[in-house]
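All remarks here apply to the structure that follows.
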Amino acid sequence: MATITTAASPTSNSSASTTSVSLLQRQSSKNADTVSVCSTTSAFSTCPDRHGFYGGNQFSEKPKKETLTREQIIAREKKWIHMTAHWAEYMNTNYKKVRERCRKGIPDALRQKAWFLLTGANHLMAKFPDWYQHLLDQPGNPQIIDEIRKDQHRQFPHHEMFIDDDKPGQKELFNVLKAYSVYNPTVGYCQAQAPIAAFLLMQLPSEQAFWCFVAICDKYLENYFTPGLEMLQRDAGMLNRLLKKTSPAAYRHLQKHNVDPLLYMTDWFLCAMTRTLPWDTLLRVWDCFLCEGVRIFFKVALVIIGATLGPQKVRSQCNGLCETLAVLRSPPKKFLEEDFIMHHIFRLNITIDDFHREHKKQEMLHRKAKLEQQKAAQQQNGGGGGSSNGAGRSS
């Protein structure tokens, strides 16, 4: 089976309890039909909005407020056309320019091509030509196939691509998820992958979407979807540490009420913000995520938490775990809007060095916890004696 060499993602503390992991897994399953926590639900429309939604939380009745003139839009498009035509050169010698332009927002007309290049999916597709169809021709794991079929209709059910079984989106979504489960049987299929795959299919043709999906699952969100959710637990610890620096008052409030980060950040990270942000915000955040990596999600999460729990009045009303979670899971709409999020994520008082430092701390804590688990297993299995050769090595 083909594999991909992947880069390490920022990770965090594995101190979350087994109870928290169990809770978040049930929460993820319970919220499987949830499209987003943002916006207010609108009535079903006879015409789709500019993003293809007929209704639901993501439906937008208002046209996008355009801040650029037509001349500026055309100028940006020309810059992106030139950059994508000389992609390797820019990425090798002028990455800062690529990052700067991603932060300003990729033009709608160029987003498909830009995302395909940013993820490196173009290299994967060239390396494994016809592999997508080959994967689809395989029978796959019957249990996984059954799970995918159960979940596919739940993803953005008010969007024109997925509104009923006869639409091509349903079949393409099944194909992408099935192909990945065959491509990477170690991961197989995780329910949280479905909205990510559906979101990609709204932007790219199915084969390109598949290879982007491979890059996201195996590189950007490496080890996020493996059993046990260890990477998510570490990232929860890392988010907690970064929050202490960016929003001390919010951090103290969460500590006071024993609010485990896993209880509110699971959908944010596992579903890559696809069920959290309004559509215009989501597209802008993903422009940056595909360029800069998962730390963009950390920044978005830090902005949401800080803005939501920042006011003293809000914290005083949240006098327990349940009240605090309710606020974090349904943040005020104004804190999720495109201008607010994009303005604040790059003005947080954290640096790349902060990420690296916390990453190392969480890795150290994780290794220490693993060693303690192995020692406990050895003592349990061999009574601490030396006669057992290799006992307790696997955990």
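The values are calculated or read from the model by the stated rules, or taken from the named source; none is laboratory data. Predicted, not measured: the structure shown is a model, and the values here were computed from it. Every residue, glycine among them, receives a Cβ derived from its backbone with ideal geometry; neighbour counts consider all protein chains shown. Remember, those area values only see protein heavy atoms, side chains included, never the ligands or the DNA or RNA. Shrake-Rupley method; radii C 1.70, N 1.55, O 1.52, S 1.80 Å.
Descriptive notes on the structure:
- Which numbered condition LYS113 misses (of (1) more than 21 Å from the chain's Cα centre (by Cα); (2) open to solvent by 30 Å² or more (accessible area, probe 1.4 Å); (3) under 24 Å from TYR220 (Cα atoms)): (1)
- The range 235-246 residues that are more than 13 Å from GLN362 (Cβ to Cβ), paired with ones that are of a type in the set (Asp, Glu) and open to solvent by less than 10 Å² (accessible area, probe 1.4 Å) (beta carbon under 6 Å, 6 or more apart): none
- Scanning the range 239-265 for residues that are within 19 Å of the chain's Cα centre (by Cα) and of a type in the set (Val, Ile, Thr) turns up nothing.
- Residue list for the range 46-72, filter: aliphatic (A, V, I, L, M) and either over 18 Å from GLU338 (Cα atoms) or buried (at least 18 other Cβ atoms within 10 Å of the Cβ) (or both): none
- Members of the range 129-178 found to be small (Gly, Ala, Ser) and under 30 Å from ASN57 (Cβ atoms), listed by number: GLY169
- Residue check, ALA126 of a type in the set (Gly, Ala, Ser) and more than 30 Å from CYS190 (Cα to Cα): no
- Any hit, the range 169-180, residues being acidic (Asp, Glu) and at pLDDT below 95: no
- Of the residues making up the range 128-163, those that are in a helix (DSSP H, G or I), of a type in the set (S, T, N, Q) and open to solvent by 30 Å² or more (accessible area, probe 1.4 Å) number 2.
- Condition met for LYS79 (assigned to a loop (DSSP other than H, G, I, E, B) and not hydrophobic (A, V, I, L, M, F, W, C)): no
- PHE289 being touching a residue at least 60 places away in the same chain (Cβ under 8 Å), open to solvent by 10 Å² or more (accessible area, probe 1.4 Å) and closer than 25 Å to ARG101 by Cβ: no
- Restricting MET91, MET125 to those that are assigned to a helix (DSSP H, G or I), within 29 Å of PHE346 (Cβ to Cβ) and at pLDDT 95 or above reduces the list to MET91.
- Meets criteria (open to solvent by less than 90 Å² (accessible area, probe 1.4 Å), touching a residue at least 60 places away in the same chain (Cβ under 8 Å), of a type outside the set (D, E, K, R) and not assigned by the TED database to the domain that holds VAL187) for ALA75: no
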